[in-house]
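Single-structure report; data block below.
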Amino acid sequence: MKNSTNNVLNLLIALPIFWFFTGYLFISGGDKITVSLFVVSILSILIKYKLQTLKININETYIKIILISAIYGSILYLTIGYGSSEVRTLIASTVFFLFYPKDFLNRKNLSYLLLIGSIISFAFIYYNKFYLGLNRGAYIINPIPYAITLSIYAIITLNYFLKDKSYALFGAFILYLLSVIITETRGAILPLLIASAFMLLMKAKQSGINKKGSLLTIIVIVFVTIPSFNFIKERVKVTIHDIETIQAGNENTSIGLRLQMWKASPLMITQSPIYGNGDSHREKLQELYKKGSIDKSLADFSPAHYHNQFIDKLIKSGFIGLALFFLVIYYPLYHAVKYKTNKDILLGIALLVTLTSLTDTPFGQSFCLFPILFSNYLLTSKGIKTN
């Protein structure tokens, strides 16, 4: 009876983790369901461990960083305005990490979950793209945060494969890579390819290049490039068209509007450099248009975010918000270098998030923020080690 109860509790504790690699990848509103599963998991943890895990985890520096970010975001939310989804994600993650037993998920089980996630995500993308024939904007899950999430999983999978030489993990990495490419998300495809190439070069430098490694690299290039050539070609065509349109003097394109946002950002930032403009950033943008400082196309577009996480943080939450963002993203890497644990994989994640942040706002979208925080915390703590 005692064993049965223990097994049930273990299952309930693991629910959010299992969810991240299953229903999260094909059910609409998965990020909102995550909060409910966190509650179920925490109650189960309290039954099994009482307050033991809280007493241990409360000393974790990374949890304190997320907590401070959540408090700062909450203060802005109640005063000048702030993204509710980001605040909700930060608060929920903080509470969950405080109670979650760090050694509950081991590397072997995470490898199985990564494999399951790769199959589910590829099936979801394939079903929407080829079976239903939907355009990327018609998916029930926003393809941009979806692609960023898959890219994070892909980086972890690639690191595990390079260490374990598991063909199953190799296949999982390919499925993640193909899925990201099929989403046609430029802001995730290039960062994933760069981060993956960087990790392969690091591995080659550490262990030397052999015939097996060279053959594997060739297989990856052929396997991914041939079936996804049309998707890459279409995105390149769109990009070239946007550039030509901009050169002709029309900046009312996807890339053109991004350039306008970035050019206007210094004017926005200087208005409130310490804690940002909050929700009034749109009003500030209209004021700049009335002064003739920005183009009408940007004023009419009135962006919800500025397609660059660094700029977006500065405009909305100031230098304080940007500093906290840096801590959330780069403290795990500092920890890894200092303690020589999981350095390769955390470097890959930090590089990926940095590159995706150049053209998008992963922190403003809870769908990809949950996996970012989850991966960083588990790999920064003593729960899962890869090297």
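The values are calculated or read from the model by the stated rules, or taken from the named source; none is laboratory data. Just so it is clear, the structure is predicted and the values come from calculations on it, not from any experiment. Note that each Cβ is placed from the backbone with ideal geometry, even for glycine, and that neighbours are counted across all protein chains shown. Ligands, DNA and RNA are stripped out before the accessible areas are found, and what is left, the full protein with its side chains, is counted by its heavy atoms. Shrake-Rupley method; radii C 1.70, N 1.55, O 1.52, S 1.80 Å.
Taking springs between alpha-carbon atoms closer than 10 angstrom, which of LYS291, LYS263, LYS340 fluctuates most in the Gaussian network model of the chain?
LYS291
According to a simple spin-label model (label point 7 Å from Cα along Cα-to-Cβ), what is the distance in nm between ILE27 and THR5?
Using points 7 Å along Cα→Cβ, the separation is 2.8 nm.
Would you calculate a helix-derived [θ] at 222 nm for the chain, using -39,500 (n - 2.57) for each DSSP H run of n ≥ 4 and dividing by the full residue count, to the nearest 500?
Computed ellipticity for the chain at 222 nm equals -25500 deg cm²/dmol.
List the relative contact order of the chain as a percent without decimals, with contacts defined as Cα pairs under 8 Å and 6+ residues apart.
About 22 percent, as a whole number.
With every protein chain left in place, what is the accessible area per residue of segment 56-177 in square angstrom, probe 1.4 Å?
41 Å²
Share of the chain's accessible area from carbon and sulfur, percent, 1.4 Å?
Details: 11890 of 17860 Å².
Its accessible area is 67 percent carbon and sulfur atoms.
Which sequence of THR89, THR61, THR270 reflects their accessible areas, 1.4 Å probe, from the largest down?
The ordering from most to least exposed comes out as THR270, THR61, THR89.
Taking a virtual spin label 7 Å from the Cα of LYS205 along the C-beta vector, which residues in segment 339-360 bring their backbone nitrogen under 17 Å of it?
The answer is 340-352, whose backbone nitrogens lie closer than 17 Å to the label point.
Suppose the chain between ILE58 and LEU259 were pulled fully straight at 0.36 nm per residue; how much longer would it get relative to their current alpha carbon spacing?
68.1 nm
Any chance you could check the Cα centroid distance between segment 252-315 and segment 320-387 for me, in angstrom?
27 Å
Using a Förster distance of 22 angstrom, determine the FRET efficiency expected from the C-beta separation of SER280 and SER84, and round it to 0.05.
After rounding, the FRET efficiency stands at 0.85.
Report, in debye and to the nearest 20, how large the dipole of the chain comes out about its Cα centre when Lys and Arg carry +1 and Asp and Glu carry -1 on their Cβ.
1280 debye
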